[in-house]
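The values are calculated or read from the model by the stated rules, or taken from the named source; none is laboratory data. Because the structure is predicted, anything quoted here is derived from the model rather than measured. Because the Cβ atoms are built from the backbone with ideal geometry, glycine has one as well, and the counts that use them run over all protein chains shown. Calculation scope for accessible area: heavy atoms of the full protein, side chains included, ligands and nucleic acids excluded. Shrake-Rupley method; radii C 1.70, N 1.55, O 1.52, S 1.80 Å.
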Amino acid sequence: MVRLLLLLAGVAAVCAPSEATPIFQPGAPGQPSREIAADEAVALSRSSFVEADVIFMQHMIVHHAQAVEMVALLETRGAHDGVRRLGERIASNQAAEMEMMRTWLEQRGQAADDPNLSHGHHHGAHAGLEDHTDHAAHHGHDGHGARHSNHSDHAGHGSHPAHGAHGGAGEHAHHGHQTPAPVAPDPGDTPLMPGMLSPNQMAALAAAYGSEFDRLFLEGMIVHHQGALDMVDDLIARPGSAQDPQLSDFLSHVVSDQSAEILRMQSLLSDV
C-alpha cells in the first residue's frame, strides 16, 4: 500500500504544471527589459513593425553606405595605420549591417529604398533637423520659394498699395536701399540626413591626402556616427517603433559599436 501511495505521489509530481519561466523582452538601447506574457512573446516573435521602422532601415542603409565610401577613400589617401585599421573595421561592420537591413526589409515585403528620399522629402522618421534639411535642399518647395520671392518683389517696387505693411521696405527701395534678396543655400553644403557629409565635404575629403585626410576622415566619421546615434534616439522616441526583436537587437549594436568607435576616433585625433 505504501509503495502504491508513493507511486501515485510521484506521478502527481510529474504531471503537476511546472512554474512558468519568466520571459523578458530586451529593452531598446538605454531602456530596461520588461517581462512579458507568453502570448505576447508569441505575437512579438511573428514580428511587428511600423512605418518608422521601415524608413529607419531604408535611411540607415544610405547612411552606412557613405561610411563605406569614406573608408574607400581612406585606403588610397590616409597615412595613419591606426586610422586605416579602424576604417577597415568600420567598413566591414557597416557593410554586414547593410546586408542585414536589406534582408530585414525584404523579409517583411518592404523596399530597400525610400522612394521619397531622392526627392529631398523624408517622411519625418528622423529628427527635426532632417525635415529642415529637406526644405533647404529642395529647390522646388513652392511654399517657401514663393514667400521669399514675394518679399523681394515688394522691396524692388516700392510701396505697393495692396501691401501697406511693407511700406517701410518700399521707402528704402526708393532711396536705393533695397533689401537684399535671400541667398539660396548651396545644395552642395546640405547633407542628405543627420551626420552625413555634404557633397562639398565629401569632395574636400577626396581632395585631401596624408595627415590632412586622416584628420578630416576622423572628424567627419565622428559626426557621421553621432548622426546614426541620433537617428536611433529619434526612432526609439516614436510610439510603437523598435518593437521588432531583430530591429531592437540591431539598434543595441549600433549604439554600443558606434559609441565605442567615437571614443577611439577622438583618441586617434590627437595622433594625426
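Observations
- Just one of the numbered conditions (1) assigned to a loop (DSSP other than H, G, I, E, B); (2) out of contact with any strand residue (DSSP E or B) (no Cβ under 9 Å at 6 or more places or on another chain) is not true of GLN243: (2).
- Residue that is least open to solvent (accessible area, probe 1.4 Å) [pool: residues in the stretch 260-272 that are of a type in the set (A, V, I, L, M, F, W, C) and free of Cβ contacts under 8 Å to residues at least 40 places away in the same chain]: ALA260
- Filtering the stretch 184-230 to residues that are more than 26 Å from HIS80 (Cα to Cα) and more than 18 Å from the chain's Cα centre (by Cα) leaves ALA184, PRO185, ASP186, PRO187, GLY188, ASP189.
- Of all residues in the stretch 189-219, exactly one satisfies the criterion of being aromatic (Phe, Trp, Tyr) and either touching a strand residue (DSSP E or B) at 6+ places or on another chain (Cβ under 8 Å) or open to solvent by 10 Å² or more (accessible area, probe 1.4 Å) (or both), namely TYR209.
- Restricting attention to the stretch 61-93, the residues that are β-branched (Val, Ile, Thr), in contact (Cβ under 8 Å) with a residue 24 or more places away in the chain and surrounded by fewer than 18 Cβ atoms within 10 Å (Cβ to Cβ) add up to 2.
- Every residue from the stretch 106-116 that is within 16 Å of the chain's Cα centre (by Cα) and open to solvent by less than 50 Å² (accessible area, probe 1.4 Å): ALA112, ASP114
- Scanning the stretch 220-259 for residues that are open to solvent by 50 Å² or more (accessible area, probe 1.4 Å) and under 16 Å from HIS63 (Cα atoms) returns VAL223, GLN226, ASP230, ASP233, HIS253.
- Hits in the stretch 157-188 (condition: open to solvent by less than 20 Å² (accessible area, probe 1.4 Å) and either modelled with pLDDT under 50 or in a loop (DSSP other than H, G, I, E, B) (or both)): GLY158, GLY167, GLY170, ALA173
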